Amino acid sequence: MSTSVAEPAQRRQVLGALARLQARRYARHPVFVVAVLLVLLGIFQAVTAPDADNGGEWDATLSFVIWLGLSGVIVGYRLTVTEDKAIDLLPSAPTNQAVRTQALFIACLVPVLATVALMALYGLANLAVPETSAAPFHLRPDTGEIGWPDYLASVLEAPVSAFGGAALGVVVARWARVTGAGVLAVILLFLVEVIALGAGEGAVGDALWARLLVNLMPYRYWAFQGAGDGVYTTMAPGSAVGHIVYAIALCGLAVTAGILKGATGTLRTSWIRTGAILFGIAAVSYLWAVFG
Amino acid sequence: MIRTVHLSEVVQHYGSACALDAVSLSLTPGVTGLLGPNGAGKTSLLRVLATVQEPVSGTVSLLGLDASDERDRTSIRRRLGYVPQELGFPRGFTAFGFVEYMAVLKEWVDAERRRAEVRRVLALVGLGSVATTKVTKLSGGMRRRLGLAQALLGSPEMLLLDEPTTGLDPEQRAAFRALLLDVGRNATLVVSTHQTEDVAAVCDRVVVLDDGKAVFDGPVPEFVGHATGRVWVGDAPDGSALAHRRTASGRYRHVGSPPAGSEVIAPDVEDAYLLLVNAAQEVTR
């Protein structure tokens, strides 16, 4: 009893109003607020006291992913789970679960906007303090260390992960009705990412299995300590552009999975079709990321 | 009179347990009380009426629309208000925020009109002064009223309330009943309750469910009339009675077949209910 039959125009208006409301809930969530503050602290520290051991560089993308991406899993999960506290009441409203889920996914753009804004802030801060000029990514296209497409793709990893983290939280809440599933998802994601990113580091990163593993992750960084001297000077093997397409496809698959929960009829059919297309894109872009 | 609710042979199961056993019912605008012991099927019936749950079999027609049809169901939902028995609230909302959230789900897309409507229903249930208070800070009675506020959005044609007076103090209950009487003038209002005083105070009609079956369906005076000559008072509990209860005067009120020479009195809704349910259970035994 859950698919939508409202007129499209009205459904869009409801979705817009609901998304604005959920976006406000996201922006006010304490975990998100703390994550933003921690990123601001990181920016302040990177600008005022650059890390000498790391060539004065601070990979802003990694910091954003850790704070805004991982915290997003918790926020997305909590927003969904706490909304469902009214689960006995919600199905009696004309707006169905599919629209409510879509609104939650639109609210997942809040950490994306925050990431973009904070990256811009970090970039501006670096203009003021030129000696920390790696912002927001270790390798610089203007000095020829990296091409512009790879540079942009590497930088995009942060906002895409910010969306992906929050979207994952929504999906986990929709499908895994187990207490603490959100926290468990964060821990698992963190551990798997750490292991995979570790495998992708240094000389090991050249091995095919390591490339297969690290590119399978929803987030990866591309700056590579070629000489193992702690200075990021080269690009890891593979295609950053391929990986960002893969990461975006994963986000799309998360949205698909979230909306499919409880969907029936034509809605279900159309989203299954969308999911199949996204899966195909994810598979091809993954191979591009590994071998490109 | 327009028939707004029509149920025919509605069956609902939870595993092997039968919640509704071929219930047939027709309701018209006005207030209908739903009485019955715990587990009688009251909540299941309200969930079916609220289109939250689809019955295993039988037909459900609400406001002239077929509840099994997806498009009709959405149209029904646009015209109904529902307060479930266990109403949870999404975390982080103020009283205003929660009702506004429900208003959005009920397709109030114009922000200005929506907020005006939210203010109206909050004032209607006496929560205007706590609109900016977090739901978690509200008392149990206030939360019940908040649940009612969201149900009143848009003055629905059909209002379904599952034990709405639970947790309300006597003063709040009186105000609540006045509100129900007012709403019931223009809408089909179904109130599930354990409070027989609520039925006496606001209902035009009563449906009694027992073991998933509708064992009575008719006007309140007719319901009470069934107990005429079957209620008596005495100074001590009488073992021959189907049920007895102590009254404020310290005497005992009995229902059943009055013994010879007993002081027979006029029945009320509770007497009629006790008589009906205990007699039904007696038959089952």
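Points to keep in mind about this one:
- Taking the listed residues B:VAL190, B:VAL109, the one that is at the interface with chain A (Cβ under 10 Å from one of its Cβ atoms), open to solvent by less than 50 Å² (accessible area, probe 1.4 Å), of a type in the set (Val, Ile, Thr) and not in a helix (DSSP H, G or I) is B:VAL109, with no other qualifying.
Yes/no per residue for (1) open to solvent by 10 Å² or more (accessible area, probe 1.4 Å); (2) of a type outside the set (Val, Ile, Thr); (3) in a helix (DSSP H, G or I); (4) within 24 Å of B:LEU45 (Cα to Cα):
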residue	(1), (2), (3), (4)
B:ARG143	yes, yes, yes, yes
B:ALA149	no, yes, yes, yes
B:LEU160	no, yes, no, yes
B:GLU171	yes, yes, yes, no
B:LEU179	yes, yes, yes, yes
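- Test: residue in segment A:85-95 that is within 13 Å of A:VAL171 (Cβ to Cβ) and either without any contact (Cβ under 8 Å) to a residue 24 or more places away in the chain or away from chain B (no Cβ under 11 Å) (or both): no
- For segment A:96-120, a residue qualifies if it is open to solvent by 30 Å² or more (accessible area, probe 1.4 Å), modelled with pLDDT under 95 and within 13 Å of the chain's Cα centre (by Cα), and exactly one does: A:VAL116.
- For B:GLY128, the requirement of being more than 9 Å from every other protein chain (Cβ to nearest Cβ) and either in contact with a helix residue (DSSP H, G or I) (Cβ under 6 Å, 6 or more places away or on another chain) or within 30 Å of B:ASP217 (Cβ to Cβ) (or both) is met.
- Condition met for B:VAL121 (closer than 22 Å to B:GLY30 by Cβ and assigned to a helix (DSSP H, G or I)): yes
- So A:GLY42, is it open to solvent by less than 30 Å² (accessible area, probe 1.4 Å), at pLDDT below 85, more than 13 Å from chain B (Cβ to nearest Cβ) and not in a helix (DSSP H, G or I): no
- Of the residues making up segment B:45-64, those that are open to solvent by 10 Å² or more (accessible area, probe 1.4 Å) and either touching a Cys at 6+ places or on another chain (Cβ under 6 Å) or more than 12 Å from chain A (Cβ to nearest Cβ) (or both) number 7.
- Of the residues making up segment B:74-101, those that are within 7 Å of chain A (Cβ to nearest Cβ), of a type outside the set (Ser, Thr, Tyr), out of contact with any Asp or Glu (no Cβ under 8 Å at 6 or more places or on another chain) and open to solvent by less than 40 Å² (accessible area, probe 1.4 Å) are B:ARG77, B:PHE89.
- Scope segment A:266-291; condition open to solvent by less than 50 Å² (accessible area, probe 1.4 Å) and in contact (Cβ under 8 Å) with a residue 24 or more places away in the chain; matching residues: A:LEU267, A:LEU278, A:ALA282, A:SER285, A:TYR286, A:ALA289, A:VAL290
The values are calculated or read from the model by the stated rules, or taken from the named source; none is laboratory data. Computed from a predicted model, the values in this text were never measured in an experiment. Using ideal geometry, Cβ is built from the backbone for each residue, glycine included, and neighbour counts are taken over all protein chains shown. With ligands, DNA and RNA removed, areas are computed over all heavy atoms of the protein, side chains included. Shrake-Rupley method; radii C 1.70, N 1.55, O 1.52, S 1.80 Å.
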